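S.K.: Below: one structure in structure tokens.
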Amino acid sequence: MDFRSDNITGAHPRIMEALVRANRQRAATPYGGDEITERLQARVRAVFEHDRLVAFPVVTGTAANALSLACIAPPWGAVFCHPQAHVLVDEANAPEFYGAGLKLVAIPGPAGKLDIATLGKMAGAGGRGVHNPEPSAVSISQASECGTTWQPDEIRALAETCRSQTMRLHMDGTRFANSLAFVGCSPPELSWKAGVDVLCLGASKNGALAAELAIFFDPAMAGEFERRRKRGGHLLSKMRFVSTQLEAYLDDDLWLANARHANGMAQRLGGGLAALPGCRLLYPIEANEIFVALPDAIDAALKRAGAKYHPWPGERPGEHAYRFVTAFDTDQTEVDSLVVAARTARAA
Ligand SMILES: Cc1ncc(COP(=O)(O)O)c(C=O)c1O
């Protein structure tokens with residue numbers, strides 16, 4: 001019963017098969033000049049119904065985020081994000097490092113989503129002179145760090161504020177597939193059609209071994225990505241092994257099937273826990289993460305039963321909260337065993 005994260009998993013068998021197939025090829029042009037990487041470009045354009053986008057494979061979400069933010073914000077730029085944003089608190093200042101001085105500025109808001117009105121005020125408040133950080137971009141996480149999903153109309157409203165302040169919109173889509181499966185719309189509706197300029201599409205947490213994709217819907221914004229990726233040490237010479245994972249990920253909608261499974265397990269787990277007296281969901285479950293306050297007796301019973309999950313800051317005084325994450329390979333029996341262990345605690 002391990003619900004610590006969605007990166008405790010292995011890779012999906014179809015991703016591993018794709019790697020084995022790619023390995024049969026005796027020779028392939030290095031550094032992304034290979035056939036698989038070329039095919040992947042065409043595939044991503046088809047999936048996102050956009051014939052001009054450019055997509056760059058990398059192997060970590062941090063690299064995708066930091067390198068793409070550096071392309072859309074100058075060293076003197078400000079990038080606005082939620083106080084809990086991974087780019088702000090979990091990337092060891094990689095965006096500032098690759099951005100050569102760009103500044104991440106926190107904008108609070110409920111349930112992991114920055115408040116658009118506050119953003120408008122903050123971005124408009126500072127001067128735009130030589131002394132001031134230049135409001136350059138906004139970064140949101142899909143799904144958010146609270147497991148909530150930005151709906152297309154919310155993204156559109158945010159994008160309008162960005163446009164009115166000449167800022168670009170970056171989406172850290174580490175769990176984009178989970179949000180997409182939750183909303184049930186098309187990939188373009190949750191990205192460029194809603195106003196997203198750059199999407200960092202995650203795959204490692206949803207079935208890949210190590211693969212992420214920085215997608216620029218306006219190729220003019222991506223001008224420097226390739227050099228930055230090389231200079232930052234993120235250009236793999238055997239790129240085909242990253243590209244093949246992403247191709248397999250999109251093939252026959254594997255990404256969506258994986259995300260649907262993870263989301264379904266999250267609903268089952270969250271629903272089971274929330275039904276117990278004293279348990280409270282902190283946020284609605286809109287992807288594959290569950291944030292829940294538990295009575296100490298239930299926490300103790302779950303730990304005794306061998307369940308693994310992380311503590312999380314509560315929202316109310318004295319509240320003990322925890323995060324559970326489900327994944328593409330979460331076993332339903334593990335979810336049910338966890339809920340049974342929690343129920344037993346209440347009965348005891
Ligand atoms: C929301 C979010 N963004 C980005 C990342 C970065 O991924 P990586 O660990 O591959 O750098 C993570 C990883 O946990 C994440 O949860």
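The values are calculated or read from the model by the stated rules, or taken from the named source; none is laboratory data. Keep in mind it's a predicted model, so treat the numbers as computed, not measured. Positions of Cβ are generated from backbone atoms using ideal geometry, with glycine treated the same way; all protein chains shown enter the neighbour counts. These area figures cover heavy atoms from the full protein model, side chains too; ligands, DNA and RNA do not enter into them. Shrake-Rupley method; radii C 1.70, N 1.55, O 1.52, S 1.80 Å.
S.K.: Quick one: 3J(HN,Hα) in Hz for the range 147-160, Karplus 6.51/-1.76/1.60 with θ = phi - 60°, rounded, Gly and Pro as x.
M.R.: For the range 147-160, the Karplus-derived couplings read x, 9, 10, 6, 7, x, 5, 5, 5, 4, 4, 5, 4, 4 Hz, x marking Gly and Pro.
S.K.: What is the distance, in nm, between label points placed 7 Å from the Cα along the Cα-to-Cβ direction at ALA297 and at GLN267?
M.R.: 3.1
S.K.: Could you let me know the centre-to-centre spacing of the range 209-229 and the range 318-348, using Cα atoms, in angstrom?
M.R.: 38
S.K.: Please compute the per residue accessible area over the chain with all protein chains in place, 1.4 Å probe, rounded to a whole number of Å².
M.R.: Accessible surface, normalised per residue, equals 42 Å².
S.K.: On to the next question. Packing-wise, with mean Cβ within 10 Å as the measure, how do 262-269, 134-141 rank, highest first?
M.R.: Packing proxy ranking, top to bottom: 134-141, 262-269.
S.K.: Whole Å is fine, so just give me how far the alpha carbon centre of the range 115-150 lies from that of the range 1-70.
M.R.: 29
S.K.: Can you list residues from other chains, or at least 5 along the same chain, whose modelled amide H is less than 5 Å from the amide H of GLN142?
M.R.: ASP172, GLY173, THR174, ARG175
S.K.: Here is a follow-up. Quick one: Karplus J couplings for the range 278-288, per residue in order, coefficients 6.51, -1.76, 1.60, θ = phi - 60°, nearest Hz, x for Gly and Pro?
M.R.: x, 9, 9, 6, 6, 9, x, 8, 10, 7, 10
S.K.: What's the carbon and sulfur percent of the range 203-297's accessible surface, probe 1.4 angstrom, rounded to a whole number?
M.R.: Accessible surface attributable to carbon and sulfur in the range 203-297 totals 49 percent.
S.K.: Treating cross-link reach as a plain straight distance, find the lysines whose alpha-carbon is under 26 Å from the alpha-carbon of LYS121, omitting any fewer than eight places away in the same chain.
M.R.: Hits, sequence-local ones excluded: LYS103, LYS113, LYS193.
S.K.: Which shape class, rounded, prolate or oblate, goes with the range 41-103 when its Cα gyration tensor gives a ≥ b ≥ c as root eigenvalues, a/c under 1.5 marks rounded, and past that a/b bigger than b/c marks prolate?
M.R.: It comes out prolate by the Cα gyration axes.
S.K.: Just VAL20, VAL292, VAL325 to compare: in a GNM of the chain, with alpha carbon springs under 10 Å, which one fluctuates most?
M.R.: Judging by the Gaussian network model, the answer is VAL20.
S.K.: Give me Rg/Rg_expected for the range 54-191, where Rg uses Cα atoms only and Rg_expected = 2.2 N^0.38 Å with N residues.
M.R.: In units of the 2.2 N^0.38 Å rule of thumb, it is 0.99.
S.K.: Now, a different point. For THR118, THR333, give me the order by solvent-accessible area with a 1.4 Å probe, most accessible first, ignoring ligands, DNA and RNA.
M.R.: Result, largest first: THR333, THR118.
S.K.: Could you give the semi-axes, largest first, of the ellipsoid that matches the range 113-166, computed as the square roots of 5 times the alpha carbon gyration tensor eigenvalues and rounded to whole Å?
M.R.: 24, 11, 9
S.K.: Could you tell me which of LEU338, LEU102, GLY318 has its Cα farthest along the dipole of the chain towards the positive end, charges placed at Cβ (Lys, Arg +1; Asp, Glu -1), taken about the Cα centre?
M.R.: LEU102
S.K.: What ranking of LYS308, LYS205 comes out by heavy-atom accessible area, probe 1.4 Å, highest first?
M.R.: Order by accessible area, largest first: LYS308, LYS205.
S.K.: Among ALA211, ALA27, ALA287, which one shows the biggest mean-square fluctuation in a GNM of the chain, springs joining Cα atoms closer than 10 Å?
M.R.: It is ALA27.
S.K.: For LEU281, project a label point 7 Å along Cα to C-beta. Then give me every residue of the range 167-184 with its amide nitrogen under 18 Å of that point.
M.R.: 178-184
S.K.: Quick check: convex hull of the Cα atoms in the chain, volume per residue, rounded to a whole Å³?
M.R.: 132
S.K.: Follow-up. When the accessible area of the range 1-113 is split by element with a 1.4 Å probe, what percent falls to carbon and sulfur?
M.R.: Carbon-and-sulfur percentage of accessible area, whole number: 55.
S.K.: If you count only protein heavy atoms and use a 1.4 Å probe, how large is the accessible surface of GLU212, to the nearest 10 Å²?
M.R.: Only protein atoms counted, so the area is about 10 Å².
S.K.: Sort the range 1-62 into rounded, prolate or oblate with this rule: let a ≥ b ≥ c be the square roots of the eigenvalues of the Cα gyration tensor; rounded if a/c is under 1.5, and if a/c is not under 1.5, prolate when a/b is larger than b/c, oblate otherwise.
M.R.: oblate
S.K.: If I model the range 131-234 as equal point scatterers sitting on the Cα atoms and use the Debye formula, what is log10 I(q)/I(0) at q = 0.10, 0.19, 0.24 Å⁻¹?
M.R.: -0.30, -1.00, -1.35
S.K.: Take the alpha carbon gyration tensor of the range 26-76, find the square roots of its eigenvalues, order them as a ≥ b ≥ c, and report rounded if a/c is under 1.5; if not, report prolate when a/b exceeds b/c, else oblate.
M.R.: Oblate is the answer for the range 26-76, as a/c is 1.5 or above yet b/c matches or exceeds a/b.
S.K.: Pop out the ³J(HN,Hα) list for the range 238-244 in order, Karplus 6.51 cos²θ - 1.76 cosθ + 1.60 with θ = phi - 60°, rounded to Hz; leave Gly and Pro as x.
M.R.: Values, residue by residue: 9, 4, 4, 6, 7, 4, 5 Hz.
S.K.: Ignoring ligands, DNA and RNA, how do MET239, MET1 rank by accessible area with a 1.4 Å probe, largest first?
M.R.: Order by accessible area, largest first: MET1, MET239.
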